[in-house]
Amino acid sequence: MLFNYKEHRIFAFSDSHGMHKWLHILEEADILLCAGGVVSGFGKDGMEDFFSWLLSHPAKLYIFVAGNHELLLEDSPEQAKFLLTREIVFLHDTCYEFDRISFGNISTRSLQSKESNIHLAGKMDFLITHIPPEGILDEGRGSLPLLLEVYRSQPRFHVFGHAHSSGNQSKGGAFTEFYNVSQFNELKNQDGGQ
């Protein structure tokens, strides 16, 4: 999905699951956001290829958050440093600001933890998670604590994936616009699924 925001063209996607080479990124996009789900397995196989592909698209900023298939990046800072180059901003329960646009993340591990007290640092433009909030484009796979935190902190946009059948859909809210940017079904129906 493409966002025109604060003089930037931001392309957000998730859930390519090894089919990234069939994903079309518009040339005018100058910020690329990936909400995880980039490999088909649960290890590092395919990650180097994905990150190399991602960096082959000229952009001013690359942001990546891990999905349930990339948990090794959340669990092992050494693996994250090895697989992610300096050009890619890896958000893991952190925030990042670029050219007056704020980006934040609540990690997949934090959302999966029963003991985690998730809390965003403050108001932000883009919240990027892999898991959707409960009841919003989530196919019954969303997180209630995440939904409550989004209602409390009111980011301008919440970008997520994980629920493949609800990909490329959006839903407006009183304070936050929600976007499921999963590309899985679209890519599966192209050459990538053969």
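The values are calculated or read from the model by the stated rules, or taken from the named source; none is laboratory data. Just so we're clear, the structure is a prediction, and the values are computed from it rather than from any experiment. Every residue, glycine among them, receives a Cβ derived from its backbone with ideal geometry; neighbour counts consider all protein chains shown. For accessibility, only protein heavy atoms count, side chains too; no ligands or nucleic acids. Shrake-Rupley method; radii C 1.70, N 1.55, O 1.52, S 1.80 Å.
Can you name the residue in region 46-61 that is in a helix (DSSP H, G or I) and not aliphatic (A, V, I, L, M) and is also most open to solvent (accessible area, probe 1.4 Å) among such residues? That would be Glu48.
All of His130, His119 fail the test of being part of a loop (DSSP other than H, G, I, E, B) and either open to solvent by 50 Å² or more (accessible area, probe 1.4 Å) or more than 25 Å from Leu61 (Cβ to Cβ) (or both), apart from His119.
Taking region 17-45, which residues are part of a loop (DSSP other than H, G, I, E, B) and closer than 19 Å to Pro58 by Cβ? Passing the criteria: Leu23, His24, Ile25, Leu26, Glu27, Glu28, Ala29, Asp30.
Applying a threshold of 6 Å to beta carbon distances and a minimum spacing of six or more residues, or different chains, the list of pairs starting in region 80-108 at a residue that is at positive phi and ending at one that is among the basic types (Lys, Arg) reads Arg100/Lys6. Here Ala174 fulfils each of the conditions (1) in a loop (DSSP other than H, G, I, E, B); (2) in contact (Cβ under 8 Å) with a residue 24 or more places away in the chain apart from (2).
If you go through region 143-162 and pick out every residue that is surrounded by fewer than 22 Cβ atoms within 10 Å (Cβ to Cβ), in a loop (DSSP other than H, G, I, E, B) and either among the aromatic types (Phe, Trp, Tyr) or touching a strand residue (DSSP E or B) at 6+ places or on another chain (Cβ under 9 Å) (or both), you end up with 1.
For region 73-91, the candidate set comprises residues that are surrounded by 16 or more Cβ atoms within 10 Å (Cβ to Cβ) and not in a helix (DSSP H, G or I); within that set, the residue that is modelled with the lowest pLDDT is Leu84.
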